[in-house]
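One structure is given below, encoded as structure tokens.
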Amino acid sequence: MLAHIFLASFAAYGVFAVWRLFLHPLRSFKGPALAKLTTWYQAYHDIVKHGNLLRQVTALHEIYGPVVRIGPNELSFNDPKAYADIYAMGSKFTKEPSFYQGFGVPHASFGMMDPQASRTRRDMLNPLFSRRAILKLETIVQADVDHLISQLVTNYGSEKPVNLFMAFRCTSLEIITAYCLNQHLHAIDIPDFEHPFLTGLQSTIPLFWVLKYFPALTPIVMEPPTWLPASMLNSFSGISDFRHKIGAHLDNFIAAPEKYRDSEHEIVYDYLLAPANNRKSFKPLSRTELFQEAVALLLAGSDTVGNASTVGFFHVLDNPPVLRKLVAELREAWPSVEDQVGLSVLEKLPYLTAVIKESLRVGHGVVSATPRIVGPGDAVIGGVHVPAGTVVSMSSTYMHLNPDIFENPHQFRPERWLEKRTDSVNLNSYLVPFSRGPRMCLGVNLAWCELYLIFGNLFRKLDLKLHNTTIDDFRDFDAFFVPVHCGNDLHVTIQAKDT
Ligand code: HEM
């Protein structure tokens, strides 16, 4: 009996395999046979080879060209025209659910698949993240950047190096929590910036890919049951403690919202419970929806800014001429360190702006290709006809490291953003760390504000020197949605500037 079942399953899979290889609508696209047969090809590179999928797909593009079939129903593109088509403004393509399920926030703006639901949620949140709102709440960002500087100067120095990678992540976590929830985690005060949430997140990052392929495990990681072995409980505790903290804060808000109404500024729940622009069709959000939105915003807003700052600071400190030019520009615009100089001044400085753009380019933002489902009808992507229902994606790294657009793409050269090109290429349209289209980053204005204040203040007020950190630490990264660099963390020594 068992033998019959085995044979029947084997035959059925054989028929299925023949269909996927020779009869599937994507049969004419090139790619490895194994990838055409099964999504476990990607799972192997994501999980077993530890964030290797991007490297593998990059190698496949070198063999097969700008379009590669990387899954039974999935195409990867490496062509700037295709990027513009996939992530076009007004596109009706939807996010691909199995990719996003591991993040465990299906009711948050980040995790929503339905375009209409996502638009409604983004409309509610936009007022908190608009440029106007950022200018009004810039003081929150400034306060945390000032606090970071005072901690650095007080506790570290030329003898005692600091882990700037952790320091930046603590700062961006503190900012986003204060900005969205008016809550203070005191992450910047923690010795060596080892905030348990951030160290916990670091050890659970590889699990996101496990959850992508085994979604049933999501509740175990997010809310670990007490019967798990202590070692597992420990490694999941960073993320679960963090969720509990946000949950407790939300319950306090629900119990007595008026207490929060008196606070320094409106918080994200105010925007979600009484949206400014769609009152008529408004359906109150459930606790789960509010909770997931808060978790998603805090996750989306911390690691990303931390990574862009870390990568940018490394390259500036590793390039003395860049450092000298940047400091000279800052000194001229900001003659005395005692003065406060805000976003509206910093964002007008051309070299600082170029340094931040170059940091975003070489830092990439999100490196894993974010998949979209073609629809409602067929589409033409990068000049290629693609049937409806196909999953398509392109990694931001293929834009940022394209040598036809960015000459010597691995070189950190802010000047490229200031030069007039003879071929009239506008580099800005190829800078995509925040993605593009209807699902591009919601926090882009806040991110820019943070980066201006972090780069501007630290380079104006501190003398920083690399400590035991070299380009080898930044050459390669594993792709776990965001880049996880394979080398040591960025360490620097610090001295405050007197003038
Ligand atoms: C340098 C900093 C940042 C970078 C590079 C960045 C990058 C990105 C990228 C590439 C996406 C698209 C992801 C996808 O397609 O799945 C995204 C989405 C998102 N980002 Fe950011 N982000 C940054 C900072 C922030 C901040 C500070 C917030 C704070 C609120 C934020 C909130 C979001 C949200 C809510 C989404 C989901 C939007 C949607 O799906 O409709 N991000 N971000």
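The values are calculated or read from the model by the stated rules, or taken from the named source; none is laboratory data. Quick caveat, the model's predicted, so the values are computed rather than measured. Here Cβ is always computed from backbone atoms with ideal geometry, including for glycine, and neighbour counts include all displayed protein chains. Areas reflect the complete protein model, heavy atoms only, side chains present, ligands, DNA and RNA absent. Shrake-Rupley method; radii C 1.70, N 1.55, O 1.52, S 1.80 Å.
Free of any trypsin sites (Lys or Arg not before Pro) that DSSP assigns to a loop and that have at most 13 other C-beta atoms within 10 Å, the longest stretch within the chain is 50-278.
Carbon-plus-sulfur accessible fraction, the range 333-402 (probe radius 1.4 Å, protein heavy atoms only): 60%.
Per the Debye calculation on the range 127-285 with a single equal scatterer at every Cα and no solvent contribution, log₁₀ I(q)/I(0) for q = 0.13, 0.19 Å⁻¹ amounts to -0.82, -1.24. With viscosity 0.890 mPa s and temperature 25 °C, the Kirkwood radius over alpha carbon pairs of the range 22-125 converts through Stokes-Einstein to a diffusion coefficient of 158 µm²/s. Only helical runs count toward this figure. For the chain, summing -39,500 (n - 2.57) over DSSP H runs of n ≥ 4 and dividing by all residues gives -15500 deg cm²/dmol at 222 nm. Of K136/K325; K30/K92; K325/K348, which ones are farther than 19 Å apart at the Cα? Among K136/K325; K30/K92; K325/K348, the Cα-Cα distance tops 19 Å for K136/K325; K30/K92.
Taken over the C-alpha atoms, the chain has Rg and Dmax values of 23.6, 86 angstrom. Using the Cβ-Cβ distance between L427 and N234 with R0 set to 60 Å, the FRET efficiency from 1/(1 + (r/R0)^6) comes to roughly 0.85. What is the magnitude of the charge dipole of the range 8-78 about its Cα centre, with +1 placed on the Cβ of each Lys and Arg, -1 on the Cβ of each Asp and Glu, and no other charges, expressed in debye to the nearest 20? That gives a dipole near 120 debye. What the Kirkwood sum gives for the range 46-195 is a hydrodynamic radius of 19.5 Å, with every pair of different alpha carbons counted. Stretching the chain fully between Q495 and E347 yields a gain of 50.8 nm (0.36 nm per residue, less the alpha carbon separation). What angle, in degrees between 0 and 90 and rounded to the nearest 10, separates the Cα long axis of helix 164-181 from the longest principal axis of the Cα atoms of the chain? Tilt relative to the chain: about 90 degrees.
Compute the accessible area per residue over the chain, keeping the other protein chains in place, probe 1.4 Å, unit Å².
I get 45 Å² per residue for the chain.
Charge dipole (Cα centre; +1 on Lys/Arg Cβ, -1 on Asp/Glu Cβ; no other charges) of the chain amounts to roughly 1600 debye. Considering the range 99-179 at the alpha-carbon level, its Rg and Dmax are found to be 17.6, 55 Å. Mind jotting down the distance between the C-alpha centroids of the range 294-358 and the range 426-472, whole Å? Computed from Cα coordinates, the inter-centre distance equals 7 Å. Within the range 194-271, the proportion of Cα pairs with more than 21 Å between them is 42 percent. Global dimensions of the range 298-456 from alpha-carbon coordinates: Rg and Dmax equal 17.8, 61 Å.
Where does the charge balance sit around F110 when Lys and Arg score +1, Asp and Glu -1, over other residues with C-beta under 11 Å from its C-beta? Write out the running numbers ahead of the final one.
Numbers: positive: K95, R121, R122, R439; negative: E293.
Residues close to F110 contribute a combined charge of +3.
Our analysis of the range 305-383 gives Rg over Rh at 1.20, with the two radii drawn from alpha carbon positions and Rh computed by the Kirkwood formula.
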